[in-house]
Every structure is written in C-alpha cells, then in structure tokens.
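Peer 1: The structure that follows is given in the form of structure tokens.
The values are calculated or read from the model by the stated rules, or taken from the named source; none is laboratory data. Because the structure is predicted, anything quoted here is derived from the model rather than measured. Here the Cβ positions follow ideal geometry from the backbone for every residue, glycine too, while neighbour counts run over all protein chains shown. Keep in mind that these areas ignore ligands, DNA and RNA; they rest on the heavy atoms of the full protein, side chains included. Shrake-Rupley method; radii C 1.70, N 1.55, O 1.52, S 1.80 Å.
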Amino acid sequence: MSAPTILIVDDEAHIRTLIEQTLEDLEDEGVQLLSAADGAAGLAMIEEARPDLVFLDVMMPKLNGFDVCDAVKHRLSLTETHVVLLTAKGQEVDRQRGRDVGADAYMTKPFDPDALLAHAREVLGL
Amino acid sequence: MCGTRTRSVRSTEPAPMVAAAEPAPKAPPAGLTLNGMGVRGRLVLAFMGISGFAVIAAVAGIFSLKQMGDALDQVTHRSVPEALVWLEISGRAGRIVRAAPTLMIVGSEGERQSVAAAISAEIAELDRRMREEVAVSETAPILNRLGPAVAAISANLVALDALVQERLVLEGRMADATRRLSTANNAVGRLFVPTIRQLDSQVIQWRRLEEGDELGEAELSGRAAALAREIATLAPQQQLAQQLAELHEALAKVPTAASRAEIDVLTIPVHQRLTDVSRRTEVLPAVIQQRLDRQLAIYAELARGEDSLAAIRLEELRVLAGAEDLLAENASAVGALETEVEALVEAAYAGILQSRAEADGTASFSAILMMSVVFLSLASSVLIIWLYVNRSLLARLTELSDSMLAIAGGNLRAPLPEASGDDEITRMAEALTVFRDTAVEVEEQNLREIARARQRLIDAIESISEGFAFFDADDRLELCNTRYRELVSDPKGNLIHIGMSLAEIAKATAATGVVTTGDASIDAYVNRRIDEHRAPGAPTLRRMGDGRWLQISERRIEGGGTVALYSDVTDIKRREAELADLVDQLGRAREEAERANEAKSAFLANVSHELRTPLTSILGFARIIQGRMTDRIIPAVSSTEPRVRRAVEQVTQNLAIILAEGQRLTALINNVLDLEKIASGGMEWESAQVSIAEVIERSSAATAALFAEKGLNFVLQVPPDLPSVRGDRDKLVQTMINLLANAVKFTERGSVTCRASVGEDEVMVSVIDTGVGIASEDQAKVFEKFRQVGDTLTEKPMGTGLGLAIAKEIIDHHGGRLWLESALGRGSTFSFALPVALRPLGAAAMTRARKLSREALLAALAHVDGRRRKGPATILIVDDDASIRQLLRQDLEAAGHRVIEATDGQRATELANARMPNLIVLDVLMPGGDGLEAAARLRLEPRTMGIPIVMLSVVAPQDQALRGRLDRWRSKPIDKDELLTDIAALLEAGVSRRRVLVVDPDPDTRAELADALEAAGHEARPASGLADLPASDACPPDLAIVTTGPAGTGVDAVRAAPGLADLPLIVLDHTSEDA
C-alpha cells in the first residue's frame, strides 16, 4: 500500500495554494499532495494516480467539476475515490446535482480551512 | 288593458240576465203597468193568481177522490158480503152432498154416529144461515127455492143413516154365523184326522218294506192284503169327510153371494148333502158319530132357518138395494141444490160487476174534472206570466241589461231606458245613469292623465343625452328625440320623419353619405342594418360620414317594438386607441424590466461567485496566517523589543479584523443571494413539521455568543407544548437568528426577551429589546431591502441591512405575518405569527416531491442494479438518542451485521446515499430532521428507494395509508426479538419492491423508465397521462414518477389527480433538462 494521496483540482492558483497550505500538516505525515489546474487535467491525474481523496472545484475550464465527478464515479467506477466538491456555487440545486453525480461531500467557498483539514483526516483515517 | 277588462265583464256578470231574458219574447214596454205598485207587489199579485188556480185544482181533485171513494164503499158494503154468504151456503151444501158416500162406507156403529152427527150439525147450520138470510136478503126467492132441496137431502140422509144402521147389525150376525161355520168345520176335521193319519202311516210303512229286501214275497203280499183290508174299512170315513168338506165349502161362499139366485144355487145342494151325510154316519165309530152329529146340527142351523147364512145374506142384499135407491135420490137432490147455489153465486158476481162499473164511471168523471181544472189553472198562470210579469218586468230588465252591457263594453254613450214609475227597476235605471256619468268623467280624467304622461315621456326622451328612437312592430319610426336627429345629421327633419321604415332611413342615411357603411353596396348595408335591428345583440358601432363614431344599442320590447339608443362614442374610441398604445408600451416596458431583472439575477449569481473566490483566498489565507502566527510565529518571536511585540499584537488584531470583515462580506453576499432567490421564486423551500421550540432553541444557541459579547441578558419566556408549524426549519431558524441579532445590535444595555404564545390556530413569537427603538415614521421602512433606519451619512450602518427583509419574506412565505411595535428610546418588539400545522403526523409527512432529470433517474437506477448484497449486510441506524443507537448496534452486530449510524434525518439520507446500506432502522421523532421526511427523501432517491426501512416510533401512525407505504413499523420500547425477526425477513427479501406509477405521454420514455425500474427490482405501472391512471386497487402505488413541462403537465395538476395528492412524487421536468 502506497502513501495516501490527495488531489486538488482548481483553476485558481491561489486556491490551490491555500488548500495545499491547509493540508501542509498532512504532508508531514506522509500524505502525497497532487494538484491540477483544470478538469481535464484533474481527471487524467485521477485516472493515473488513483488518489484517495479529491478536492474538486466545479467551475473550471475544459471540464467542469460535476462532469469530472460523474466520470470518476460512473464511467471509471472509482467508487473508493472520495470526491469532495469544493465550489462557490452554494445553492441547493448545485448540491443536488453534486449528489446526483455521486460526490461524497460538498463544501462551499469560502471554506473553513480547519473543517477541510478535519474532513481530510476523517476520510483518510489519520 | 282596458279591452281585457271589458271582455271579462261581458263574459261574466250579465250572462245570467241574458239567459233569463232570452226565452221571453220582446214586448212593448210596460203596457199593463200598475203605477204606484212595486215589483214586489206585482210579483205577489201574480203569485197569488197562480196559487188561487192551484187551490181550485186541488179542491176539484179532492171532490173527485171523494166520489170514487163513495162508489167503492158501495161495492164493499153491499155486494161483497152478500156474495160471500151465498158462497158460504153453497160451500156448506157441497159438504152435505159429499157426506152421503162417507156415511155409506162407515165400518162401525161409533163411526156411523160421528158421521151422522157431523152431517146433522152441518144441515142445522145451513138451515140457520138460510133462515137468517131470508130475513135480511133481497134474494129471498132463491133461498126459498133452496129450502126444499135442503130438506130433501136431509130426509134422504136420515133414511140412509137408518139403512146403514141395519147393515151394521146384519154384518154382525153374518160375522157370528161365519165364525160358527168355521168352528164346526175345524171340529169335523179333528174327527177324521186320526184315522187318516193311521192309514197314511201304514201305507208309508208298506212301501218301505216293498222297496227293501227284509221281507219275502209272501210276507209282503200278506202285509199288502192286511193294508188293503184296513183301507177298505176306512174308505167310508174318508168319503164322509170329503162330503163334509164340500158342504163347508158351499156354505162359506154364501156370505159373498151377489144375488138371491146365487144363494139359492149354493144352498140347495147343501140341504141334500146334509141329509145324505146324516144317513151315513153309522159307518163311523160311536164316539165319532156322536160328535159328528153335534156338528151336523150346527151345519143345519147355518143352512136353514132365520139365522142361516142365506137368510142373513138376503137381508144384506135387501139393505144394499135400499141404500142404492137412497143414494140415487140423494144425488138428484144434490143436483138441485147445486143448481140453486150456482144461481146464487152468479147473482153475487153480477152484483160485484155492477158495483165496479159504477166505481169506474165515478173515477173517469173525476179525472176529467181534475184535468179540466189543472188545464185552466196552467192556462191562467201562463196568461199571468205572459201578460203581466213579462210585459211589466222582464222587458224593462232586458232593456236595462242591454244598456249595462253597452256601457261595460266601453260605449258610454249608449241610450239608457227612460224612467217610468217608481219601482226598483226605475231606481236601477237611475243608478245606471249615475254610474254612466261617473264613468264618463273618469274616462275624461284618464285621457287627460295619459296626455300628461305622454308629454312627460316625450320631455324625458328629449332630455336624454343619447339619441333615442322607438320603432314599432313593423319597424317604422314611431318616436324619436331631437338628439337622434342631431346624431344622424338631420336636426330639421329633412332626412328622417316619423312613420318612415327602418329600411328607408338606412337607405336615406347611406345614400346621402351621413353614414359610412363599409359595405359593398347601399342595399347590403340596409339588409345588414335590418338584420341587426330584428335580432339585436351587443351594441354595434357605426362610422359616420363626418368621422364620428356612433354606438347603437337596440332592444326588443314586449309587444313587438324596438328601442334604439344612439351614443356618440367618438371620444371613447379615441381614448381606447390611446389606451391600446399605452398598454402596448407598458408591455414592452414590462418585458424590458423582466429582461433587466433576469440579467440582474444572473449578474448577482455571477458576481457572488466572483466575489466568493477572492474571499476564499482572503479568508483562507488569513485563517492560515492566524494559525501560523499562533502556532509558530509568536512562540518563535523571542524578541523583547517593544516595537516587535507591538507589531506582533497588531498583526494578530488586524488578522482578526480581516477575518471578521471577510465573514461579514460573505454573509452579505449570502443574504443578497437569498433575497434575490426569494424575489425571483428560485428559493427552494423544505416543507416539514417544524417544532417552534426547536427553532427558538437553535437560534438562541447560535446567538449566545453575541449576547455574551455585549453583556446583555437573554430572557426566554416559552411555554411547554408549543405546537408545530409546517415549513422550512432552517429558514425559520435563520429568521429567528436575524431577529435576535438585530435586537442585540441595537441594544446597548438591558435585555432581550424571547416570548412565545399559542393562539387559536397560530403560534406567536416576539423578540423584545430595550434598545434605541424606532421612530414611528421609520417603522414601515425597516422591512425594506437595503434600508437601515437613521441617517446613513452620520451613523455607520451595521449589518447587511437585509436581515429583516429576508425575515419578512420567509415569514410571508410560511403564510404568517411579521410586525413591529416600537417607540423611539423605549425599545422594539418584533413579532411573527405562523399558522399551526393542522395536519397531524400522517401521510402528509411522506408527501414530498422532487425534480429530477430523466438521465439522472435512469443513471441512478442503473447504479442500483449492480449493488446486490454479497456477504454481511450493512444496516444504517438512525436515532438521535446515543443509548438507543448503542443498544441496536450491539444486537445487530451480534446477529452478524455491519452497522453504521446517523443522528438525524439529513445525515441519514446523505449516509444512505454514500454507503447504500442493505437496511435502515429509522427513528420517527428526531430533532435534526423528521424520520418520516427522511424516509420520504430516501423513497424519492432512485438509488435508495428500494432500501427496506424499519420505522421506530413511540406513537403508532393513525394513517393507514402511511403505514401501508412503510416496510415495517415498530413501536418503542423496542422488542428485540420482533425487531430482529423483521430485519431478517426484510434482508432475506432483498430490495423492497416498490410499486411505481410512471406517467409520461411518450410511450418510448415510458417503456424506458419502466424497464429501468423493473431492472432495479421495482414494479412499474405505466400510464400515458393523468386521465389514464390505472384503477385503484388493493395495493396503491408507493410513489409516482410524472413527467411535467411542455410535454407533460403541471405539478398542481398532478397533485389534483385522484390518489396522487399524498403520494411521494418524482417530477421529470423537461424544461429543466433543456436548461
């Protein structure tokens, strides 16, 4: 069993940095952090690296987060991959769509870094 | 009206009068008038005349009857009794005549005496009556002739009686002699009988010996010789006996001999034989001879002498001959008597007939007399009526009634009978004159009234601002006002005048160009106008030649006329056109506004997103910096330099400010979005049972920090048992938080009180502060969006300014009201009231609907199919009570199952979606989310709809329909064994097979959905539309999937369909799919 891997998919570099810094502590504990700047790259990386946890932005160029999640859960049937949709779209319609595409959790921006870290710990069992 | 009244009068009142008058011929008026005498007096006189004749007729009748009675009396008193006497006498004579034969056949002396006495009595009575009658009767000569006849019969009967007496004596002697003969004969017989018997026995003995073989020939011949000797000795005796028998026979015939000659023939041989026998008696033994001689002496007595049979028989014959003579004599006497009696009866009949003839004569005379009198009486009555009553009364009455009829018929000028005399008829005629004069006066007055009314009507019509025209039943103009003429450009009457037909008017106005017809020809216009006129409907419009518009309203009236009103609507038409322009502009403006609004919504959504992203960075990094500062930098800064330490403190404070402001900005953005969503209808609302107590509790917990920060007291005044309301729990909590935060914000000292109360059908919550208060002129503004009270230039606005507006929108959405009571400087009270949820825990809790795209539905269903259970089952336990969860976990893990837990309905649905448990144990009553709601949400999620659910509840559901939709319902406290049995059974069955109603107009979609449902283990019931729902049966559907939008129907219509009101509903929305 290799080290646990977390993938961060967001087109905003600031946000990627923010999440990376939030999860900095986990890196010290051996968790590998990966990141991708758009949906297509994210999906390719999921397919290749099979991360345990994905923080996935929704509104991204090339491929949006819903489609990425749908592909992961339904096309690739990677049901063990825990997908957290992390988006500024906080309406119930969006949450429902998230559930429909099989997302495991839904977090809205601006997020609480502590909550995000706690969630990651829970998912990874650390 | 007048005509009707006249008809009714004519048909009723005078009718009897006419009928009475008609039979009487017309007579010249009152020729026999007796002046000074009233109708009553005359009628009395006539009555007395008629009555007098009737009395005379009655007297004549009585006289006739008296005459007839006398005649009948004569008959009854004289003729009838006489005839009766004669009939009686004749009857008695008849009886005497019939008595003779009776006397002749009597058999004893007693009988003879009684018959003879009866006859004597009869004769004596007859004699007496005859003598009586002779003394009184006029028919004595006949009676005198009767006397000798009766005397002869009487004498004859006396003689006859004597003979009969003699015959009876002779009969006695004859009977005596016959008896003696018979005795003698018997005695003689006894004398010879022993001898003969002896001989007979010897003969019989000999014959027996002769036939048998006991004796020899010699013996037999010896015996025969002895027998012969015996017979020879006995032969003379036998001969004697024979002679005596013949003697007796001859004597016995004598009593019945019919004549003397016959007697002689019989008696002469008797004498000889007697002599003969007497001589031959010596052959007999002595004893017998002696006895025989005695008997012979008797025979001799009977044969000869006075008492012999012959002598007696001769006497009898003599008496009989005498009797026959007497009877013959009697018969002739009777014949004479009967002849006389017949003469008597005939005389009686003749008397009766004569009396009858007399009576008949009297009767016919009386009848003629009576008829004459009655005829005279009738004739005089008729004469009285004819000459008197008719002439002086009826003729005048007829004349009077004719006048009355004429007046009633409306002819007030009809001639009236002249007054003649002083009787009642004259007075009636006078009264009629008065009546006629009054009627004439009334009529004249009525005519004046009518004229006045007509003038008023004309004045009124003239005063109407519209043109008025009245056409009669033949469509001719009968009445119109000046305005009408003005409107059709004809004030001087050059074009239109009274009496013109509508067709003529239409033609004239069209031909002169007064009217712009718009029709192909003038005739076409005229025809159209007539059609409109005859069947008037809605008002019609007419364009006039000078550009004006006329509106014509026509209405048929009863009796066949038409009223037409002409209005000048030129101004109205102009304004209508202007208005249409305005409406058009408004529509365009509205469309623009809507487009702008949509753009604003889109803009707001985009801006919020664009704002969130940088905010995410700002807040996130600030939080990280804060953490790094606290965890790493501050401990690492060992500098004691005051400036460094101050800088560190400032950085820490600044970071806190950045975070707070960032959060405020986030809240503002959220509020703006919320308001926008509420305003545009895009907000999604939950609908569940919401406990108000829970709302207050959660909101006070959320704002506790605010109170602590400002050092304010928070007072809760909440009664127990607050009812539930129906609505969105989170939004109600948000409302409450807004109110509390608002109160804290404007209160520097004192307290904030939250008070709840229950009304009849609503629950009320108030938040009372002791803050600055709000001036009354500002109170209306507090609920407006983006407004805060006060001068925004001098006072820094606090908060977003949207909280109250959002609160009001939320309360409005729940059907409640939010209001404010406040005074400047005295604090404020914000209150809201919400309607209490009337529906108890029941099927409604499961009544939810969600929208879903077809693709998502199919994808989710496809996902289910691959997730059949392998290995141990996963069971989700949902309960807010940790001890219950622990208890269930132990039991289920002991049974070999894997257990996951959730503490409320919301998390339960999320967890169920994420982990797909094989079964869910769900508590009904939980604070974080109603269990039934969670069950409904699970049911509406295609992936989880088939997961069996065991409901746990302290109360049993009243609603049977609800119960039917759940897999199992177990009440708390939990019976472990029952629960494990349920769970084992449900796990064994696998996915619960739901009955799903699929309503979609498109057959392909329907089939596709049905296939997907069947593949996921459910039962699909397809229907093409709401009108095509399968008939309700014992197993109603568990949920329905209905397509709405352009291809299907609306959600409201779905809910209105039978059986779908309470059903969990998945709505496939084609519109959202397109979007």
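Peer 1: Nearest 5 percent is fine: what portion of the DSSP beta bridges confined to chain A is antiparallel?
Peer 2: Around 0 percent antiparallel, to the nearest 5.
Peer 1: Hey, can you find the accessible area per residue of the range B:237-312 for me, probe 1.4 Å, expressed in square angstrom?
Peer 2: Averaged over the residues of the range B:237-312, the accessible area is 54 Å².
Peer 1: Also, quick follow-up: Residue by residue, what Karplus-based ³J(HN,Hα) values in Hz, rounded to whole numbers, does the range B:169-181 have, using 6.51, -1.76 and 1.60 with θ = phi - 60° and x for Gly and Pro?
Peer 2: Computed from phi, the couplings for the range B:169-181 are 4, 4, 4, x, 5, 4, 5, 4, 4, 4, 4, 4, 4 Hz.
Peer 1: Using θ = phi - 60° and the Karplus relation 6.51 cos²θ - 1.76 cosθ + 1.60, list the HN-Hα couplings for the range B:103-114 in order, rounded to whole Hz, with x at every Gly or Pro.
Peer 2: 4, 5, 9, 5, x, 8, 5, x, 4, 4, 4, 5
Peer 1: Here is a follow-up. Among the DSSP beta bridges whose two residues both lie in the protein assembly as shown, what percent are antiparallel, rounded to the nearest 5?
Peer 2: Bridges in the protein assembly as shown that DSSP calls antiparallel: roughly 45 percent.
Peer 1: Okay, moving on. Could you give the distance between the Cα centres of the range B:349-373 and the range B:189-243, to the whole Å?
Peer 2: Result: 106 Å between the Cα centres.
Peer 1: Ignoring everything but the protein chains, give the 1.4 Å probe accessible area of B:ARG396 in square angstrom, nearest 10.
Peer 2: 20
Peer 1: Further, regarding this structure: Within a Cβ distance under 13 Å of B:ASP161, other residues only, what is the Lys/Arg minus Asp/Glu net charge?
Peer 2: Taking every Cβ under 13 Å from that of B:ASP161, the sum is -1.
Peer 1: Between B:ARG413 and B:VAL44, what's the calculated FRET efficiency when r is the beta-carbon distance and R0 is 22 Å? Round to 0.05.
Peer 2: After rounding, the FRET efficiency stands at 0.05.
Peer 1: Continuing with this model, one more query. Tell me the mean residue ellipticity at 222 nm calculated for chain A from its helices only (DSSP H runs of n ≥ 4, each -39500 (n - 2.57), averaged over every residue, nearest 500).
Peer 2: Rounded to the nearest 500, the figure is -12000 deg cm²/dmol.
Peer 1: What is the set of long-range amide H partners of A:TYR106 at a cut-off below 5 Å, with H atoms built 1.01 Å from backbone N?
Peer 2: A:LEU85
Peer 1: Using only Cα atoms, tell me the angle between helix B:217-253 and the longest principal axis of chain B; keep it within 0 to 90° and round to the nearest 10.
Peer 2: Its long axis makes an angle of about 90 degrees.
Peer 1: Using the Cα gyration tensor of chain A, with a ≥ b ≥ c the square roots of its eigenvalues, what is the shape: rounded (a/c below 1.5), prolate (a/b larger than b/c) or oblate (neither)? Don't jump to the answer; show the numbers that get you there.
Peer 2: Values: a/c = 1.42, a/b = 1.20, b/c = 1.19.
In terms of gyration-tensor shape, rounded.
Peer 1: Report, in listed order, any pair from B:LYS492/B:LYS573; B:LYS710/B:LYS745; B:LYS677/B:LYS781; B:LYS677/B:LYS808 with a Cα-Cα distance greater than 18 Å. Before the final figure, lay out each step's value.
Peer 2: Values: B:LYS492/B:LYS573 28 Å; B:LYS710/B:LYS745 9 Å; B:LYS677/B:LYS781 21 Å; B:LYS677/B:LYS808 14 Å.
Beyond 18 Å: B:LYS492/B:LYS573; B:LYS677/B:LYS781.
Peer 1: With both bridge residues required to lie in chain B, what share of the DSSP beta bridges run antiparallel, to the nearest 5%?
Peer 2: Values: 47 of 88 bridges.
If I count the DSSP bridges inside chain B, around 55 percent turn out antiparallel.
Peer 1: Applying 1/(1 + (r/R0)^6) with R0 = 51 Å to the Cβ-Cβ distance of A:GLU29 and B:LYS745, what FRET efficiency is obtained, to the nearest 0.05? Numbers along the way, then the final one.
Peer 2: Details: r = 44 Å, r/R0 = 0.86.
The formula returns an efficiency of 0.70 here.
Peer 1: A further question follows. Could you compute how much accessible surface B:LEU952 exposes when probed at 1.4 Å, giving the result in Å² to the nearest 10?
Peer 2: Accessible area, nearest 10 Å²: 0 Å².
Peer 1: Also, I was wondering about something else. Determine the share of the protein assembly as shown's accessible area contributed by carbon and sulfur atoms, expressed in whole percent, with a 1.4 angstrom probe.
Peer 2: On the way: 35370 of 63470 Å².
Roughly 56 percent, rounded to a whole number.
Peer 1: Output ³J(HN,Hα) for the range B:316-330: one whole-Hz value per residue in order, computed from phi by the Karplus curve 6.51 cos²θ - 1.76 cosθ + 1.60 with θ = phi - 60°, and x for Gly and Pro.
Peer 2: Karplus values, whole Hz, x for Gly and Pro: 4, 4, 4, 4, 4, 4, x, 4, 4, 4, 4, 5, 4, 4, 4.
Peer 1: Give me, ordered by chain and number, the residues 5 or more places off B:LEU997 or on other chains with an amide H under 5 Å from its own placed amide H.
Peer 2: Distant-sequence amide H within range of B:LEU997: B:ARG1021, B:ASP1038, B:LEU1039, B:ALA1040, B:ILE1041.
Peer 1: Right, another one. Per residue, how much accessible area does the range B:500-618 have with a 1.4 Å probe, in Å²?
Peer 2: Here the per-residue accessible area is 60 Å².
Peer 1: Turning to a different aspect of this structure: Quick query: amide H of B:VAL899 versus all other amide H atoms, modeled in the peptide plane; which residues come in under 5 Å with a sequence gap of 5 or more or a different chain?
Peer 2: It is B:ILE875, by chain and number.
Peer 1: Return one number: the angle in degrees, 0 to 90 and rounded to the nearest 10, between the long axis of the Cα atoms of helix B:424-463 and the longest principal axis of the Cα atoms of chain B.
Peer 2: 20
Peer 1: Sort chain B into rounded, prolate or oblate with this rule: let a ≥ b ≥ c be the square roots of the eigenvalues of the Cα gyration tensor; rounded if a/c is under 1.5, and if a/c is not under 1.5, prolate when a/b is larger than b/c, oblate otherwise.
Peer 2: Working: a/c = 5.12, a/b = 1.96, b/c = 2.61.
The shape class here is oblate.
Peer 1: Shape call for the range B:587-695 from the C-alpha gyration tensor, a ≥ b ≥ c root eigenvalues: rounded (a/c under 1.5), prolate (a/b greater than b/c) or oblate?
Peer 2: prolate
Peer 1: Follow-up question, since we're still on this one. Calculate the mean, over all residues of peptide B:626-639, of how many other protein chain Cβ atoms lie within 10 angstrom of the residue's Cβ.
Peer 2: Details: counts 1, 6, 2, 0, 0, 1, 0, 0, 0, 0, 0, 0, 0, 0.
The shielding value for this peptide is 1.
Peer 1: To the nearest 10 degrees, how steeply does helix B:570-628 sit against the main Cα axis of chain B, on a 0 to 90 scale?
Peer 2: Once rounded, one gets 60 degrees.
Peer 1: Okay, moving on. In the neighborhood of A:LEU86, defined by Cβ-to-Cβ distances under 14 Å, what is the net charge if each Lys or Arg adds +1 and each Asp or Glu adds -1?
Peer 2: It works out to a net charge of -3.
Peer 1: Could you work out [θ]222 nm for chain B from helices alone, using -39500 (n - 2.57) per DSSP H run of at least four and dividing by all its residues? Round to the nearest 500 deg cm²/dmol.
Peer 2: Helices in chain B give a 222 nm mean residue ellipticity of -21000 deg cm²/dmol.
Peer 1: Less than 14 Å Cβ to Cβ from B:VAL434, Lys/Arg counted +1 and Asp/Glu -1: what total charge do the surrounding residues give?
Peer 2: Spelling it out: positives minus negatives among the neighbours equals -1.
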